[in-house]
Amino acid sequence: MDAHNIYWNPFTETLPRERLETFQLEKFKRIFAWAYKRSKFHRNLYDAAGIKPDDIQTFEDIRRVPKVEKAMMRDIQLKDPFPYGDALCVPLEEVTEFRQTSGTTGQPVYQPDTWQDWEWWAEAWSYILYAQGYRNTDRVFIPFGYNIFVAFWAGHYACEKIGCEVVPGGVLNTEARVLKMRELRATAFMATPTYVLGMADTARRKLGIDPARDLHIRRITCAGEPGASIPTTKRRMEEAWGAKVFDHIGATEIGAWSYECLEQPGGLHVNEALFLVEIEDMETGETITEPERPGKMVITAFDRIAQPCVRFDSKDVIQWAKDPCPCGRTFRLIKGGVIGRADDITKVKGVLLAPTAIEEVVRGIPELGNDYEVIVSKRGDVDEITLRIEILEEALGRKDEVLARLKDQLRLKTNLGYKIEFHPYGSLPRYEVKAKRFKDLRKKGH
Ligand SMILES: [Zn+2]
């Protein structure tokens, strides 16, 4: 690969911070004015707070702009103009794409995009894929059931934009997908971490194919779950496929806003040319600018026009990294990706519990399968965490030793005790898109 050509956009990705921030402020003003003028929903929200487009002159002014929550978007939909409601900033005739959120946290939210928005999605994904080494010599297989969820749709179009050859693996089942990858010598693919591991498992057990030995995959891009930023899960995927695994984070209502680069510095770059990311303290709401202090992400997409994303309260918990990335990009890094969801990071027995910490432990023990479930419940007045895991058949004779190691590691990493349930290999639920591994029975709605 050409070492001098590592950036998709050499201009924006290396802009000095000061110029980048000036650029961001201008872009924020533009999208804010657009939303204010075109969307009744946004105008009502901003009028109620007494903020008009001319009031935005500094980053401090931006912080006074009211946030938009997912629940607000839910309330306006199915109203005029049907089905999106009055946050729509363009005539309905200009909408060319319908998508909806996965609904893992309640009623799905509809997302309209114009053709311009759709090109913007592909552009955002081009930054990601190019930074991860995708070039026009790649043949990319997309093992995804193309549907109303955005998932890898934009990844598909970005591959074409870069010049890769794309093989859509739509309605094929897992075995057929693996066989097609082998037949065509695909060099890369995209999937959720759960499915990356599940495919390798199916290949080995049902087809006798060892993906690391028998296929030609060099790189894999993940999305949808934090796994590719959890070192032990990343290692499992890389060993199973003999490939480099990269993370990216995006969301239907936001866009594809961050990516891991070839340097893999233990974090992801925020695409600061296309997005403004702010981090807020979860209790005080104060803006966090210092590194390694987790808070809730508030995000703005500068160029999305049909249904704008302006200071969206994403509930993703992230933290800035301390050091810049050796790749030379001036886009800041978030350390360790998304650490959790503000709703999932919960106190158990008074201790803050992040589900990603449990995954890191489970996937670090080779005798355990990839799948697991965490259930937080109450017994009398006491919180109880049950961890359901699968033990591999070949390790059944060493169950007690595995259990002791698991308990030690969990205590060390999360400072909590667990009720452990071993289940036979293959008996816990498998997921193709987003895994639902964490249940808090103390909250309603579960
Ligand atoms: Zn980098």
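Every read-out reported here was derived from the displayed coordinates using simple, explicitly stated rules and does not represent laboratory data. Note that this is a predicted model, so its numbers are computed, not measured. Virtual Cβ from ideal backbone geometry, glycine too; neighbours counted across all protein chains shown.
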query: Each residue of segment 298-311 in turn: what ³J(HN,Hα) in whole Hz from Karplus with 6.51, -1.76, 1.60 and θ = phi - 60°, glycine and Pro shown as x?
result: 10, 9, 10, 9, 5, 10, 8, 10, 5, 10, x, 10, 10, 6
- prompt: Among residues other than residue 90 whose Cβ falls under 13 Å from its Cβ, what is the net charge (Lys/Arg +1, Asp/Glu -1)?
  reply: -3
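Provide the gained length on full extension for the span residue 82 to residue 205, in nm with one decimal, where the gain is 0.36 nm per separating residue minus the Cα-Cα distance.
39.5 nm
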query: Taking residue 70 as the anchor, which aspartates and glutamates have their alpha carbon closer than 15 Å to its alpha carbon, excluding any fewer than eight residues away along the same chain?
result: 86, 253, 313, 316, 343
query: Each residue of segment 71-80 in turn: what ³J(HN,Hα) in whole Hz from Karplus with 6.51, -1.76, 1.60 and θ = phi - 60°, glycine and Pro shown as x?
result: 4, 5, 5, 5, 5, 8, 6, 6, 9, 6
message: Let me check I've understood the local charge: for residue 299, count other residues with C-beta under 9 angstrom from its C-beta, Lys and Arg +1, Asp and Glu -1. What total comes out?
response: -2
query: Sorted from largest down, what three extents in whole angstroms do the Cα atoms of segment 278-406 have along their principal axes?
result: 56, 44, 32
task: Tell me the Kirkwood hydrodynamic radius of the chain in angstroms, computed as one over the mean inverse distance between distinct C-alpha pairs.
output: 23.0
- prompt: Taking amide hydrogens as modeled 1.01 Å from N in the peptide plane, which residues meet the under 5 Å criterion relative to residue 309, leaving out close sequence neighbours?
  reply: 301, 304
message: Using only DSSP helix segments of four residues or longer, with each worth -39500 (n - 2.57), what per-residue ellipticity at 222 nm results for the chain after dividing by its residue count and rounding to 500?
response: -9500 deg cm²/dmol
message: List the residues, sorted by chain then number, that are 5 or more residues from residue 421 or on another chain and whose placed amide H is less than 5 Å from its amide H.
response: 387, 388, 389
query: Which angle between 0 and 90 degrees, to the nearest 10, do you get for helix 17-38 versus the longest principal axis of the chain when only C-alpha atoms count?
result: 70
message: Could you tell me the calculated FRET efficiency between residue 165 and residue 239, based on Cβ-Cβ distance and R0 = 30 angstrom, to the nearest 0.05?
response: 0.65
task: Return the subset of 180/419; 40/315; 27/443; 296/436; 27/234; 347/436 for which the Cα-Cα distance in this structure is over 31 Å, preserving the input order.
output: 180/419; 27/443; 27/234
statement: FRET efficiency (residue 64, residue 293; Cβ distance; R0 30 Å; to 0.05) is 0.85
query: What angle do you read, to the nearest 10 degrees and between 0 and 90, between the alpha-carbon axis of helix 115-131 and the longest principal axis of the chain?
result: 50
- line: Mean Cβ-within-10 Å packing, highest first, puts peptides 348-357, 46-55 in the order 348-357, 46-55
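Around residue 395, under 12 Å between beta carbons, what's the net of Lys plus Arg minus Asp minus Glu among the other residues?
Neighbourhood net charge equals -3.
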- request: Give the percent of DSSP beta bridges with both residues in segment 346-440 that are antiparallel, rounded to the nearest 5.
  value: 55
- line: In a Gaussian network model of the chain with springs linking alpha carbons closer than 10 Å, the residue among 185, 177, 411 that fluctuates most is 411
message: Using 0.36 nm times the number of residues separating residue 420 and residue 57, minus their current alpha carbon distance, what extension gain do you get?
response: 125.2 nm
Tilt relative to the chain, helix 399-414 - C-alpha long axis, 0 to 90 degrees, to 10: 30
message: Test of understanding: extend the Cα→C-beta vector of residue 184 to 7 Å, then name every residue of segment 146-171 with backbone N under 17 Å from that spot.
response: 146-147, 152-171
- request: Looking at the chain, send over the antiparallel percent of its DSSP beta bridges, to the nearest 5.
  value: 60
- request: Distance between Cα centroids, segment 250-308 to segment 11-26: provide it in whole Å.
  value: 15
statement: Phi angles of segment 330-337, converted by Karplus (6.51 cos²θ - 1.76 cosθ + 1.60, θ = phi - 60°) into ³J(HN,Hα) in whole Hz with x for Gly and Pro, give 8, 4, 5, 9, 9, 6, x, x
- prompt: How many nm is it between the label spots at residue 263 and residue 377, if each spot is 7 Å from the Cα in line with the beta carbon?
  reply: 4.8
message: If you consider only alpha-carbon coordinates, what radius of gyration and Dmax does segment 346-440 have, in Å?
response: 13.1, 39
